[in-house]
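Input: a single structure, listed below in structure tokens.
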Amino acid sequence: MPLPTEKGRLQILQIRTKAVPIASEVELERLAQITAGLSGADLAHWVNEAELLAVRRGEKTVTMADFDLAIERIRTHEQALHEIARVLQVGGHRWRDGGADCRAVGLTMTL
């Protein structure tokens, strides 16, 4: 399935933030512009992470700062997983996503 266009990302963000109390400073149009390459699931994860950050701070609304920190955390996590996968591709073994063997890193080995 192809990744959503900017218009598609905006529609996904509008749906995903409908039940989320977002601050008036948050511009969904701007968020849709800066999220090229993200899937609908990625966007949903991003909104959830931003909301969790706001709740942990005791805030009642999600701010742009929450979205900024959330995307940074998600990208850092993804980079770490890619690095782990790269390191684990030694000795002729193949690794793939999913499975229960390595849930902490989301990888399993195929022998």
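A short reminder: the numbers here are calculations on the coordinates, not readings from a lab. Computed from a predicted model, the values in this text were never measured in an experiment. All Cβ positions, even for glycine, are placed from backbone atoms using ideal geometry, and neighbour counts span all protein chains on display.
Under a Cβ-Cβ cut-off of 15 Å, what is the net charge of the residues other than R57 that fall near it, where Lys and Arg count +1 and Asp and Glu count -1?
Working: positive: R56, K60, R73; negative: E49, E51, E59, D66, D68.
Charge balance in the 15 Å sphere: -2.
Work out from phi, with θ = phi - 60° and the Karplus expression 6.51 cos²θ - 1.76 cosθ + 1.60, the ³J(HN,Hα) of each residue of the stretch 31-44, listed in order in whole Hz, and give x for Gly and Pro.
Coupling constants for the stretch 31-44: 4, 5, 5, 8, 10, 4, x, 8, 7, x, 5, 4, 5, 4 Hz.
Once amide H atoms are built 1.01 Å from N in the peptide plane, which residues 5 or more positions from V62, or in another chain, come under 5 Å H to H?
It is I22, A23, by chain and number.
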